[in-house]
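Step one of this worksheet: look at the structure below.
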Amino acid sequence: MTANTLVNSKLVCVALNDKAQLAALDATFNDAPYKKPPTQPVLYYKPRNTWSVDGAEVEWAKDFGSNDVAAMAVGASLGVVIGKETCRVSAEDALNYVNGYTIVSDFSLPEESYYRPDIKGKCLDTSAPVGPEIVAADKIANPDALTVSISVNGEQKSVFELANMERSVAELISIISRIMTLQPGEIIAVGFAGDRVAVAKGDKVVASIEGVGTLNNTLGGA
Amino acid sequence: MRHARIVFDGRELDIDIDANDRITTADGEVLDVALDSDQITWLPPVKAPGTIFALGINYADHATELAFEPPKEPLVFIKHANTLTGHKQVSYRPDGIEYQHYECELVAVIGKTGKNIKREEALDYVAGYTVCNDFAIRDYLENYYRPNLRVKSRDSLLPMGPWIVDTADIPNANALKLTTTVNGKLTQDGTTKDMIFDVPFVIEYLSKIMTLNPGDMICTGTPHGIVDCQPGDTIVCTIEDVCSLETRMVSEQEFYGDKY
C-alpha cells in the first residue's frame with residue numbers, strides 16, 4: 001500500500017470488456033465451467049495492497065513454494081475517477097459524476113480462467129500502479145474515443161481503442177452504481193485489451209493514453 | 001475485553017465493554033447505558049475497514065452424507081466497506097429476485113501487518129473475532145469470477161458486529177456453536193469445528209499471495225442451513241462466546257429512499 005496512491009478506498013476493474021476478446025472466447029462460454037456467456041460486466045477488485053504509483057517497481061510474484069513465478073502479464077486501462085457520491089445513476093447522467101481520468105496498469109499472473117475470483121493472480125502487492133496524475137474530466141471530450149497503448153522496453157506491444165469496448169464508460173458507471181454506491185476518489189478501470197502483454201523481470205513497462213498521460217513502471221526480480 | 005463503535009448521545013464513540021457489560025469510552029468515560037438499549041446505534045466494529053476477504057464453500061458439515069469432496073484450496077472473494085453495516089441496522093432485498101439468503105460467519109479481524117505468515121504464528125496477527133452476515137442473492141450468480149460482485153458487493157449486505165472480542169478471549173475459534181434465527185425460528189444450527197480451512201490456514205494462504213494489514217477482515221464462510229429472507233424479516237446470527245448480530249430486512253425502495 002503506497003501512501004501517495006491516487007486511489008481512495010476502492011479500485012474496481014472490468015474484465016472481458018474487449019469486443020474482440022469476447023468474440024474469440026464466445027465458443028468457450030457455453031462450455032463448463034461457464035455454461036452461459038456473461039450477461040453482466042465481469043468485475044474484479046485490485047485491493048489496497050496492490051495500489052502503487054507512477055515510477056514504482058512492481059514486485060515479481062512468488063509462487064506458494066516461495067519461488068519466482070514463471071510468467072507475469074500486464075494490461076492497461078483508462079481509470080475513471082469518481083468525483084462525488086454515485087448511487088444508482090443513469091448512463092445518460094453518469095459522466096457528470098466523474099472527477100477525472102487516469103491510467104491503471106494491472107500486473108498479474110497470466111489470465112487463465114475467469115471462473116473463480118483470481119485472488120492468486122490479481123492481488124499481488126504493488127501490482128496496480130495508477131497515475132501519473134488525474135486529468136480533469138472537462139479536458140476529455142469523449143472518454144470512449146481514447147486509445148490505450150502498452151510498450152515494453154520501448155517496443156509497442158498493445159493498442160486498444162476504447163471504441164471497441166463492449167460497454168461504454170457511462171454504461172459501466174451506471175451498472176456498477178446500482179451494485180454499490182461509489183465514493184469520491186474511487187476508480188473504475190473500464191477495460192483492458194483482451195490480449196494481455198507478457199512481461200519479464202526487469203522490463204520497463206509504459207502504459208499511455210493521449211491526453212491522459214504516461215504511466216511508467218519497472219518489473220522487479222532482475 | 002470487547003470493542004465496538006457506537007453512536008450514543010449524538011457522539012460517535014470507540015468503546016470497550018468489560019465482562020460485566022460495563023461500557024468505557026476511549027477517553028475513559030463510563031457510559032451509564034445497557035448494551036441492549038435503543039439509545040445505542042451500533043456501527044460496524046472495525047474503525048478503518050481495509051480489504052474484506054470472504055470464503056465460499058468452507059464448511060464440510062454435510063461432507064460425509066453427500067460424499068462431497070471438500071475444495072483443495074480456499075475459494076476467496078473480496079468485498080469493500082460499502083457492504084458493511086452495524087448491529088440492529090437494515091439490509092435490503094433487491095426488487096424482483098427469487099432467493100436471497102443470510103450467511104452467518106465468524107470473522108477474524110487482522111491487527112498487525114504481515115506477509116508470509118506461518119500457520120503457527122497466524123493468531124498473533126488477529127486482533128479479535130466478530131460475527132458477520134454475508135448475504136447472497138442467488139439470482140445474480142454467474143460463472144465469471146463467481147461469486148461475482150453483483151451478488152456479493154452490494155451496499156448494506158454485510159452486517160457485522162456488534163463488537164470484536166479479543167483473540168485471547170476465544171481459546172478455540174473452531175469449537176463454537178453457530179446459529180441463525182429468522183423471526184425467532186431456528187434455521188441454521190452448526191459449529192465452527194466443521195470449517196474446512198480455519199483462520200490460521202487462511203492467513204498463511206492469503207499472506208503468501210499478499211500483505212495483510214490492520215483493518216483487513218476474513219469472513220470464514222457459513223455451514224448448511226440457509227433460507228430465503230424477505231423485507232420485514234429479522235435475522236439474528238449468533239456465534240457462541242463472540243456475539244449476536246441482528247439485522248432487519250427492508251425493500252430496495254425503503255433502503256435507498258430518495259435515491260431509489
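The values are calculated or read from the model by the stated rules, or taken from the named source; none is laboratory data. These figures come from a predicted structure and were not determined experimentally. Using ideal geometry, Cβ is built from the backbone for each residue, glycine included, and neighbour counts are taken over all protein chains shown. With ligands, DNA and RNA removed, areas are computed over all heavy atoms of the protein, side chains included. Shrake-Rupley method; radii C 1.70, N 1.55, O 1.52, S 1.80 Å.
May I ask you to verify whether A:ILE119 is without any contact (Cβ under 8 Å) to a residue 12 or more places away in the chain, within 19 Å of the chain's Cα centre (by Cα) and open to solvent by less than 50 Å² (accessible area, probe 1.4 Å)? Quick ask: steps written out before the conclusion?
On the way: without any contact (Cβ under 8 Å) to a residue 12 or more places away in the chain: yes; within 19 Å of the chain's Cα centre (by Cα): yes; open to solvent by less than 50 Å² (accessible area, probe 1.4 Å): yes.
Criteria met by A:ILE119.
So, in segment B:153-163, of the ones that are out of contact with any Pro (no Cβ under 9 Å at 6 or more places or on another chain) and not small (Gly, Ala, Ser), which residue ends up nearest to the other protein chains (Cβ to nearest Cβ)? Quick ask: steps written out before the conclusion?
Kept after step one, since they are out of contact with any Pro (no Cβ under 9 Å at 6 or more places or on another chain), are these residues of segment B:153-163: B:153, B:155-157.
Filter once more, keeping what is not small (Gly, Ala, Ser): B:155, B:157.
Working: B:ASP155: 5, B:LEU157: 10 Å.
If we take residues in segment B:153-163 being out of contact with any Pro (no Cβ under 9 Å at 6 or more places or on another chain) and not small (Gly, Ala, Ser), then B:ASP155 is nearest to the other protein chains (Cβ to nearest Cβ).
Identify, please: which residue in segment A:1-14 is more than 21 Å from B:TYR140 (Cα to Cα) and either without any contact (Cβ under 8 Å) to a residue 12 or more places away in the chain or part of a strand (DSSP E or B) (or both) and is, among those, most open to solvent (accessible area, probe 1.4 Å)? Steps first, please.
Narrowing segment A:1-14 to residues more than 21 Å from B:TYR140 (Cα to Cα): A:1-11.
Within this subset, residues satisfying the condition of being either without any contact (Cβ under 8 Å) to a residue 12 or more places away in the chain or part of a strand (DSSP E or B) (or both) are A:3, A:11.
Details: A:ALA3: 108, A:LEU11: 0 Å².
Ranking the qualifying residues of segment A:1-14, first place goes to A:ALA3.
How many residues does segment A:81-110 hold that are under 30 Å from A:PRO33 (Cβ atoms) and surrounded by 18 or more Cβ atoms within 10 Å (Cβ to Cβ)? Give the derivation first.
To start, the set of residues in segment A:81-110 that are under 30 Å from A:PRO33 (Cβ atoms) comprises A:104-110.
From what is left, the residues that are surrounded by 18 or more Cβ atoms within 10 Å (Cβ to Cβ) are A:104-109.
Matching residues across segment A:81-110 total 6.
Where residues in segment B:232-260 are touching a helix residue (DSSP H, G or I) at 6+ places or on another chain (Cβ under 8 Å) and open to solvent by 40 Å² or more (accessible area, probe 1.4 Å), which of them is modelled with the highest pLDDT? Spell out the reasoning first.
So in segment B:232-260, the residues touching a helix residue (DSSP H, G or I) at 6+ places or on another chain (Cβ under 8 Å) come out as B:239, B:241, B:260.
Add one more test, that the residue is open to solvent by 40 Å² or more (accessible area, probe 1.4 Å), and what stays is B:241, B:260.
Values: B:ASP241: 98, B:TYR260: 93.
In this case the residue turns out to be B:ASP241.
Mind listing whichever residues of segment A:15-32 are open to solvent by 50 Å² or more (accessible area, probe 1.4 Å) and part of a loop (DSSP other than H, G, I, E, B)? Spell out the reasoning first.
First pass over segment A:15-32, keeping only residues open to solvent by 50 Å² or more (accessible area, probe 1.4 Å): A:19-20, A:23-24, A:26-28, A:30-32.
Residues satisfying the conditions are A:ASN30, A:ASP31, A:ALA32.
Starting from segment B:199-218, keep only residues that are facing chain A (nearest Cβ under 8 Å) and more than 18 Å from B:ALA173 (Cα to Cα), then list their pairs with residues that are in a helix (DSSP H, G or I) and open to solvent by 10 Å² or more (accessible area, probe 1.4 Å) whose Cβ atoms are within a distance under 6 Å, requiring at least 6 positions of separation or different chains.
Qualifying pairs under 6 Å: B:ILE209/A:LYS120.
Of these, A:LYS19, A:LYS36, A:LYS46, which one is over 25 Å from B:THR211 (Cβ atoms) and within 14 Å of another protein chain (Cβ to nearest Cβ)?
On the way: A:LYS19 fails: within 14 Å of another protein chain (Cβ to nearest Cβ); A:LYS46 fails: over 25 Å from B:THR211 (Cβ atoms).
None of the other options fit; the residue is A:LYS36.
Have a look at A:VAL58, A:VAL69, A:VAL81, A:VAL53 and point out the one that is more than 14 Å from chain B (Cβ to nearest Cβ) and under 15 Å from A:LEU124 (Cα atoms).
Being more than 14 Å from chain B (Cβ to nearest Cβ) and under 15 Å from A:LEU124 (Cα atoms) holds for just one of A:VAL58, A:VAL69, A:VAL81, A:VAL53, which is A:VAL53.
Output the number of residues of segment B:78-118 satisfying the condition of being within 14 Å of chain A (Cβ to nearest Cβ), part of a strand (DSSP E or B), of a type in the set (Val, Ile, Thr) and touching a Phe, Trp or Tyr at 6+ places or on another chain (Cβ under 7 Å).
2
For segment B:123-152, enumerate the residues that are over 17 Å from B:LEU55 (Cα atoms), part of a helix (DSSP H, G or I) and more than 13 Å from chain A (Cβ to nearest Cβ).
Of everything in segment B:123-152, those that are over 17 Å from B:LEU55 (Cα atoms), part of a helix (DSSP H, G or I) and more than 13 Å from chain A (Cβ to nearest Cβ) turn out to be B:LEU123, B:ASP124, B:TYR125.
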